[in-house]
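The values are calculated or read from the model by the stated rules, or taken from the named source; none is laboratory data. Just so it is clear, the structure is predicted and the values come from calculations on it, not from any experiment. All Cβ positions, even for glycine, are placed from backbone atoms using ideal geometry, and neighbour counts span all protein chains on display. When the accessible area is computed, the model is the full protein with side chains, heavy atoms only, and any ligands, DNA or RNA have been set aside. Shrake-Rupley method; radii C 1.70, N 1.55, O 1.52, S 1.80 Å.
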Amino acid sequence: MRLAGTQVTFEYSPESFSATEVEFSLEICEAVMDVWGPTPQSPLILNLPETVEVAMPNVYADQIEWFCRNLKRRDCAIISIHTHNDRGTGVASTELGLLAGADLVEGTLFGNGERTGNVDIITVALNLHVHGIDCGLDFADLSLVEEVYERCTGMSVDPRHPYAGELVFTAFSGSHQDAIKKALAEWKKREGKAQWDVPYLAIDPRDIGQPARRATDSRRPIRGSLAERSCDHYSVEQHEMPFSFIFLGSGTSQGVPIIGKEYPPEFLANPKNHRTRPSIYVETSRTRLVVDTTPEFRIQILREDIRWLDAVLFTHSHADHIMGLDDCRRFCDLRGGKALPIYATEPTMNDLKRVFAYAFHQGPWPRGYFIPEPYLIERRFALGDLEIVPLPLPHGAVGTSGFLFLQEGKKRLAYMSDCKEVPPAIIEEVRGVELAVLDALRRAPHPTHMCLDEALTAARRIGARKTFFTHLTHDYDHDAAQAELPSGVELAYDGLKVQSEA
């Protein structure tokens, strides 16, 4: 049969193949072939499913082998196998079925199928790749495949999912780390020309666009020197990880313009003078997070087209920094109804639990509701490829948390909004940072925020490559005020994206 030059192939599937006598399945399939009349040049597809796993994988493979050997016109049929994963052996059944004589595999990305799922086509293909078999599927950028899958399905890939999980190229054991490190050093001496034979890493991570990852759990804080000593990063090749952040908002607690005030038309005509409440979005190739959820959080997220978050960090619990938290319900939905990690100090977390008491409980949570997973900030902690150091800062009667973001040991960003000063100990902690963000509320002094002169003094002492001022009132007419600032210091504005240079 042909349709406008298109070759049409018929497929027949005895749906209960794995739970039926193979003789009967063979009889039915041959009867179908008699009616459809396939030829070696135009074969049909016989799909032999394991709709429910009712036996061990070798039994299914025996059924496939018997069927292939006894099919009268074997050259007129493409034998396809389609396994489910009720017993968690879908990949094993598929591989044994291929060894038994099957020609084709039907499956889904990351096993996203009925009930407990179909076979994961990615795992099967890369298992074969390990043995030098090319399946013709391109997984050279598996992170992109994972990102599109999660965005389109609303489901998430488990951190320990084969090949694609965040932790699959991570070694937690010191002896494993040492073996990987030595093998990589030897492999690099041979300029990468030798066959890949690194212990504990069955596949060269570069084949699927992945680095060998830091040996820390991205969901738990790093505690003490023992953890720091064991967190060696063994990368297959030296490369720079991207780091960027966006000012979701750059205004003060009332925003700019404020309610009920007249402004010159030329002030309002400049979009950089329209400031929502202060927050940032931080992004690397492995980590996406926000600091604070402002009352305009939903609008900010839509404006920047942000579709995934790994965590939310809070500086403190003032209303202009937390009141958009409920909008994170959508990110829980995108995570397949799973909780979103929330990081805050104990006083801030207590306030969050009080204000959002309907969300901070033991569950269950209806699908579509905000599901928080609280983590107390007690000391430095890790998220993905970032190490985050909390910076205690004075802010009137309450303290606030700044954050120093380190990536592969490099001080990428020091974010210090809402503070009256940057204490000397914190200046020493962040000295040499690439990028700094500082509170610079207004020109005149304020009892709980740094004014312009105080912020300039702090910026000079820190010595970052570039410093940005945020939490800005309408004191600043952006373009005119920017012209007065020294080199290397800039006023932030909503939507400003800053990219690390190294």
List the number of the failed condition for Q7; all other conditions in (1) touching a Gly at 6+ places or on another chain (Cβ under 8 Å); (2) over 30 Å from T153 (Cβ atoms) hold. (1)
Could you tell me which residue of the range 478-488 is surrounded by the fewest Cβ atoms within 10 Å (Cβ to Cβ), considering only residues that are among the hydrophobic types (A, V, I, L, M, F, W, C) and under 24 Å from I259 (Cβ atoms)? A480
Among the residues of the range 130-153, is any modelled with pLDDT under 80, surrounded by 14 or more Cβ atoms within 10 Å (Cβ to Cβ) and closer than 27 Å to L313 by Cα? no
Per-region count, the range 339-350, residues more than 18 Å from the chain's Cα centre (by Cα) and not in a loop (DSSP other than H, G, I, E, B): 6
So in the range 58-93, with the set limited to residues that are in contact with a helix residue (DSSP H, G or I) (Cβ under 8 Å, 6 or more places away or on another chain) and in a loop (DSSP other than H, G, I, E, B), which one is farthest from W36 (Cα to Cα)? T89
Show me the strands (runs of 3 or more DSSP E) entirely contained within the range 405-477 in which 1 or more residues are open to solvent by 10 Å² or more (accessible area, probe 1.4 Å) and either polar (S, T, N, Q) or touching a residue at least 24 places away in the same chain (Cβ under 8 Å) (or both). 410-416, 466-470
Can you tell me which residue within the range 293-321, out of those that are hydrophobic (A, V, I, L, M, F, W, C) and under 23 Å from I258 (Cα atoms), is farthest from the chain's Cα centre (by Cα)? A319
Counting only residues that are assigned to a helix (DSSP H, G or I), touching a strand residue (DSSP E or B) at 6+ places or on another chain (Cβ under 6 Å) and not aliphatic (A, V, I, L, M), which one in the range 18-50 is modelled with the lowest pLDDT? S18
Kindly establish whether L96 is more than 27 Å from R330 (Cα to Cα), without any contact (Cβ under 8 Å) to a residue 60 or more places away in the chain, under 28 Å from the mean Cα position of the chain (by Cα) and open to solvent by 60 Å² or more (accessible area, probe 1.4 Å). no
Matching residues, the range 351-375, being outside any loop (DSSP other than H, G, I, E, B) and open to solvent by less than 30 Å² (accessible area, probe 1.4 Å): L352, P372, Y375
Filtering the range 18-45 for residues that are surrounded by fewer than 11 Cβ atoms within 10 Å (Cβ to Cβ) and touching a helix residue (DSSP H, G or I) at 6+ places or on another chain (Cβ under 7 Å) leaves a count of 2
Only residues in the range 356-370 that are closer than 22 Å to H318 by Cα count as the first member; pair them with residues that are of a type in the set (V, I, T), Cβ under 9 angstrom, at least 6 apart or cross-chain, and list the lot. F356/I322; A359/I371; F360/I342
Exactly one of E53, E15 is assigned to a loop (DSSP other than H, G, I, E, B), loosely packed, with under 14 Cβ neighbours inside 10 Å and acidic (D, E), and that residue is E15
Tabulated pairs, the range 20-36, first under 16 Å from Q63 (Cβ atoms), second surrounded by 16 or more Cβ atoms within 10 Å (Cβ to Cβ) and of a type in the set (S, T, N, Q), C-beta under 9 angstrom, 6+ apart or interchain: V22/Q63; S25/Q63
Which one of these does E378 not meet: (1) crowded, with 17+ Cβ neighbours inside 10 Å; (2) among the acidic types (D, E); (3) not in a strand (DSSP E or B)? (1)
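A quick yes/no check of all residues on (1) crowded, with 21+ Cβ neighbours inside 10 Å; (2) in contact with a helix residue (DSSP H, G or I) (Cβ under 7 Å, 6 or more places away or on another chain); (3) touching a residue at least 40 places away in the same chain (Cβ under 8 Å); (4) in a loop (DSSP other than H, G, I, E, B):
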residue: I258; (1), (2), (3), (4): no, no, yes, yes
residue: E262; (1), (2), (3), (4): no, no, no, yes
residue: R277; (1), (2), (3), (4): yes, yes, yes, yes
residue: V282; (1), (2), (3), (4): yes, no, yes, no
residue: V290; (1), (2), (3), (4): yes, no, yes, no
residue: I306; (1), (2), (3), (4): no, no, no, yes
residue: R329; (1), (2), (3), (4): no, no, yes, no
residue: G337; (1), (2), (3), (4): no, no, no, yes
Answer yes or no as to whether T348 is modelled with pLDDT of 95 or more, open to solvent by less than 30 Å² (accessible area, probe 1.4 Å) and touching a His at 6+ places or on another chain (Cβ under 6 Å). yes
Looking at L496, L491 in this structure, which one is farther than 23 Å from K261 by Cβ, touching a strand residue (DSSP E or B) at 6+ places or on another chain (Cβ under 6 Å) and of a type outside the set (D, E, K, R)? L496
Breaking point among (1) in contact with a helix residue (DSSP H, G or I) (Cβ under 9 Å, 6 or more places away or on another chain); (2) under 26 Å from D204 (Cβ atoms), for R160: (1)
Looking at the range 489-502 only, could you name the residues that are farther than 14 Å from S250 by Cα and open to solvent by 50 Å² or more (accessible area, probe 1.4 Å)? Q499, E501, A502
Mind checking which residues of the range 384-405 are at pLDDT below 95 and touching a Pro at 6+ places or on another chain (Cβ under 8 Å)? G396, V398, G399
Of all residues in the range 164-178, which are within 15 Å of I203 (Cα to Cα) and open to solvent by less than 30 Å² (accessible area, probe 1.4 Å)? A164, G165, L167, F169, T170, A171
Out of L248, L313, L302, L268, report the one residue that is more than 25 Å from C451 (Cα to Cα), modelled with pLDDT of 95 or more and not small (G, A, S). L302
